Every structure is written in C-alpha cells, then in structure tokens.
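Just below is one structure, and these are the notes that go with it.
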Amino acid sequence: MTQIKLSAMPTGQYWVGTTVAYDEQGIKQNLLTLGQPIYIVQNEQGQFGVAVGGTLHPNIVAGGLSVFTHAPAISPSQFGNPDFQTDHHVKYSYMTGAMAGGIASADLVIAMGKAGMLASFGAAGLVPARIQEAIQQIQAAFPSGKPYAFNLIHSPNEEALERNAVRLYLEHGVKTVEASAFLDLTPHVVYYRAAGLSRNPDGSVKIGNRIIAKISRREVATLFMKPAPPRLLTPLVEQGLITQEQADLAQQVPMADDITCEADSGGHTDNRPLVALLPAILALRDEIQAEYRYPTPVRVGAGGGIGTPSAALAAFMMGADYIVTGSINQATMEAGSSLHTKKVLAQADMADVAMAPAADMFEMGVTVQVLKRGTMFPMRAQKLYEYYKTYDSIEAIPADEREKLEKTVFKRPIEDIWQGTVDYFMERDPEQIERANNNPKRKMALIFRWYLGLSSRWSNTGEKGREMDYQIWCGPAMGAFNAWVKGTYLEHYENRHVADIAEHVMLGAAFLYRMQTLKIQGVHFPPHLSVYRPGER
C-alpha cells in the first residue's frame, strides 16, 4: 500500500466517482492526468487515494469518499505570459535559442514550428549565402505560416556580417530576430526594428519586425527596453533606409518586445545565477514601463541553466514570461552538430564545462562556456590567448613555441593558415585583411581566430582526426538534463528530438507544480511518485 502522508484536515466534502487509485501505478497515472482536477480522498478502511473526475457533494452520500484536499487542472500553456504565445503564435511560453554556426539548424526550427513552438536559427558565424539558404528552406516548409526566428549576433569585429544579416532578413520578410551578444545598440539592429513599423487604422503603432534580445546585464537590457535613440535613427532617415514617420514611431515603442535574461548558459555567457539576474531585470522592466507606459510591456524571459522541468518551473515561479533552452537541444537529432558531438554531450555531467576564449571577440578577452569532456580545446584556446596578451606579433613568439603550435594545435604551417585566413575573409569581410596587413598583432589575432573558428565547425561536421580540438558550446544544463533522463528512452541521443524534449520539459513543469500545490496543502508522496520522468504518460 502506498504511503501518502497528510497533515491536512478533511474538507467536509465527499467525492463520488469511479476513477480513484490506491496503488502506486494508479496513483501516479492519476497525478499525471493534468487536464483534470484531482482529489486526495480516504475510504472506509482508512486508505488514502487519488481520485480524478467524479462529483463533489457537501454532505455524505452513499459510496462517497471523504475529501482532504485537491489540486486543480493544469496545462503547460498556463505558464508564462499569454501575450508571448499570442504575439509569436505558439502554444507554450517556450522557445529554443539560437546556437551559432547552424547548430540550431533549419531542421530544428522546422520541427519546433510544426509542433507549434518557437525556435531561433543559429545564423551567427555563417556567410550570407548560407543564411539565405536557411531562410528559403524554413519559409518553404511553412507555406501557411509557422513560428520561427533568426539570430542576429552583434559583430563588432566583423560589422559586415551584422549588416548583411539585417539586409537578408528585411529582403526575405523574416519577422522575428533573436538579438544576442550586443554590448550597445547598432545602426543595423535599429534599422531592422524601425523598418517594420507602421500605423494601425486606430493610429496605434504596428510592430512588423519583432526583436527578442538576449542579455545578461542591466545596462544592455536598458538599451533594448527603451525606444531607439535619435542618434541612430536620424542617419537612417538621411540615408533613405527608413521614413521620418518610422523614426517617429520608433520613439513610441521599445527596441525589443522580449528580453531574455541569459544566465549560466553555453557559449557567450557572464555565468550569472538566474535567481539573481531575473528578479533584477524584472524590476528594471517595471521601472521603465512606469516611465514609458507602453501599451504592451516588454516581456522578460529566462534562459541559461534550463534543462529540466524543475528548472523551468523555478523560472516561471520567479516571474519569467517565457523560458529559453539551449544546450540540451544540441544533442537532438535535428541539431546541426555531428553524431560524435551529440554522443559526447549525452554523456556530460554538470561539472564537465569550462570557459574558453571566444572566436568572434577574441581580442576583447570575451569568453564562451564550452564542454571540456573529451576535448583539449579549452586548454589550447586559453594558451593562444596567453600568447596574444604576451607578444605583439606571431614572429615574436619563441621559435620552439611556434613549432609546438604548428605540430600540436594548428597541425599546419602558420604560413598556410594565414593564406587560408586571407581567403576566408576576402569572401566575408575584406577590410579585416587590410587592417591586419598593417598591424602585426591584429594579424596574430586572426591566425589564432582561425583555430577558434574552425574548432566549432569541426565539431559540427565531425571532422576526423580533430576530435580533441572540438569546440562544443555547453552549459551545466546539459549535465542536469542527462541526469534527469537517465534510465529513460531519452538517455540515448538517438532518441532525442527537440520538440519531444520541449513537451516533456513543459509537461514535467506542470506536474511538479501540481505536486508542490499538494505539498503546501500538507500532502506528501514518496519521492518516486513526486518526480516526472519522460515516457511515463
């Protein structure tokens, strides 16, 4: 007999029905019946059980069971902000974030969209032709319109990438972008926002281009919560890129519709704890809303460290309008990472992560969180940054150290790497080579960035012989997810599909909410009945 411990008193009501369970299997099934209210009841033999459906009576009736407490029906769609679901045409306040280099692939975005959920394509680091190909693939898969977004990453060292991405998004009618890694507003992200503004028949502002801004600092959040500044709008009007009316309308709406608080995530991260970051940004939002009184307040979501139902529920209970998952999606079959990488990720623990220099902001000392299990990349990348800080040119590095670099890290002569770097940037941003030819330290940085940039591509393509150099962006959420699904069908990466995982995270959050509702009313179940495991439904 299952031991249900109660400190609650009878309510004085009686339940009559046929769906009541006293055994563990039946109780768990009834607890998982989230779409109906459940009742904790007691029969004449003193057994406590869980009932579903039926009817309540204020007085004792034949066959009636005494009711001690209940939990209402709960749906995953009740979490978060309903405006997020309405504006983005999704069923849950949940999205998968962009993972650079196409790891958040077109297939991943399409799978999520077909399931009625939002995903952001990982456009960062891709050339315009590759981004355009993804736009066309996704739009072709959604002829009737489905939710999707594309990443727009701040590229201070390669401005052409940001500019060309915005051009493509406007040309092809991409209506939602996830802006990430911004340190300040740029003309390009302001152009995207303002170019989609017009007036509704009632005179209100119609927002055609939505922005989900991913931030980890108050000062950056402030930029996206306030309207676009005139110093960036005026030049766009003068260049004929936007109209004066659009510039005026941009003063009436925030730069972003949604702000994602990025906590301890994979990739670019400040490693902020979500329990500190999210409340601070929510308070900031309230301050700015009181000042600007937008018709629709900026929504604040939570990302980073969310890989289990308990983490999702915690974020929603702290006030998150929506949640964003990242690391856990890299090991799914739809992700644009290699099978080797997916296998390694599926074996990761929470402690198997480390910080390493970032390819796109190498000279600034910016770091990214990566997997350290099964790869030497974090240590090798850190060594390159130490060389960069110590020496003013590649030639200044001692000869024996350069030789070691060529043999153990680059596995090619430095001269060949430089030529490959030249060819690469001539296609993407020729100005980079012009600047490096007159600056030996800059040239050294580009050579080091060759390794940092290719290491993530090797991970995606499964480059043979380079497994120990794979750069795999990963946060501790991956390890938490692996621990949660251990012993279930999702333990094996071959069974992981992005929309299926999203469903389990949200259903699990709803189940845990139900269990907490009962717990605070004095109902205590054995631990194995209080957790949600994928495949139990």
Exercise for the section: Would you be so kind as to identify which of Met379, Asn437, Pro357 lies farthest towards the positive end of the dipole of the chain, taking Lys and Arg as +1 and Asp and Glu as -1 on Cβ and the Cα centre as origin? Expected result: Met379
Practice task
Divide by every residue of the chain the summed helix terms, -39500 (n - 2.57) for each DSSP H run of at least 4, and state the resulting mean residue ellipticity at 222 nm, rounded to the nearest 500 deg cm²/dmol.
Solution key: -12000 deg cm²/dmol
Practice task
Can you bin segment 109-183 into rounded, prolate or oblate? Criterion: square roots of the alpha carbon gyration tensor eigenvalues sorted a ≥ b ≥ c, rounded for a/c under 1.5, prolate for a/b above b/c, oblate for the rest.
Solution key: prolate
Practice task
Only bridges with both residues in segment 144-241 count here: give the DSSP antiparallel percent, nearest 5.
Solution key: 25
Completion exercise
Working note, segment 84-151: Cα radius of gyration (Å, one decimal) and Dmax (Å, whole number) are 11.2, 32
Fill in the blank from the handout: A student asked for the Cα radius of gyration and Dmax of the chain in angstrom ought to give 26.3, 93
Handout entry: segment 30-108: translational diffusion in µm²/s, Stokes-Einstein, Kirkwood Rh over Cα pairs, 37 °C, 0.692 mPa s
Key = 201
Completion exercise
Along the dipole axis of segment 5-151 (charges at Cβ: +1 for Lys and Arg, -1 for Asp and Glu; origin at the Cα centre), the most positive-end residue among Ala98, Gln132, Asn59 is Gln132
Practice task
Within the set of other residues whose C-beta is less than 15 Å from the C-beta of Tyr22, count the net charge using Lys and Arg as +1 and Asp and Glu as -1.
Solution key: -1
Exercise for the section: Could you please state how large a percent of the accessible area of the chain is carbon and sulfur, counting protein chains only and using a 1.4 Å probe? Expected result: 52
Fill in the blank from the handout: Quick calc, segment 377-484, dipole around Cα centre from Cβ unit charges on Lys, Arg (+) and Asp, Glu (-), nearest 20 debye, gives 280
Exercise for the section: Given a cut-off of 28 Å, name the pairs among Lys28/Lys214; Lys214/Lys372; Lys407/Lys441; Lys91/Lys206; Lys342/Lys443; Lys214/Lys441 whose C-alpha atoms lie farther apart than that in the structure shown. Expected result: Lys28/Lys214; Lys342/Lys443; Lys214/Lys441
Completion exercise
Regression test value, accessible area per residue of the chain, probe 1.4 Å, units Å², expected 41
Completion exercise
Counting only DSSP beta bridges fully inside the chain, the antiparallel percentage to nearest 5 is 55
Exercise for the section: Add +1 for every Lys or Arg and -1 for every Asp or Glu among the other residues with Cβ under 13 Å from the Cβ of Ile447, and state the total. Expected result: +1
Completion exercise
Dipole check, segment 349-502, charges on Cβ (K,R +1; D,E -1), about Cα centroid: among Phe425, Gln369, Trp458 the Cα furthest to the positive pole belongs to Gln369
Fill in the blank from the handout: Result row for the chain, helices from DSSP H with C-alpha axial extent 24 Å or more and mean Kyte hydropathy at least 0.5, is 274-292, 498-519
Exercise for the section: Mind putting a number on the dipole of segment 314-470 about its Cα centre? Charges go on the C-beta only, +1 for Lys and Arg and -1 for Asp and Glu, and I need it in Debye to the nearest 20. Expected result: 380
Handout entry: Euclidean distance of C-alpha centroids, segment 404-473 and segment 71-128, integer Å
Key = 33
Fill in the blank from the handout: hull vol. (C-alpha, convex hull) per residue for segment 305-464, Å³ -> 154
Handout entry: Neighbourhood charge, 13 Å Cβ-Cβ cut-off, centred on Ala256 and excluding it, Lys, Arg +1 and Asp, Glu -1
Key = +1
Handout entry: Cβ-placed point charges (K, R +1; D, E -1), dipole of the chain about Cα centre in debye, nearest 20
Key = 720
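The values are calculated or read from the model by the stated rules, or taken from the named source; none is laboratory data. As the structure is a prediction and not an experimental result, all values here were calculated from the model. Don't worry about glycine lacking a Cβ; one is built from the backbone with ideal geometry, like all the others, and counts go over all protein chains shown. The accessibility values were calculated without ligands, DNA or RNA, using every heavy atom of the protein model including side chains. Shrake-Rupley method; radii C 1.70, N 1.55, O 1.52, S 1.80 Å.
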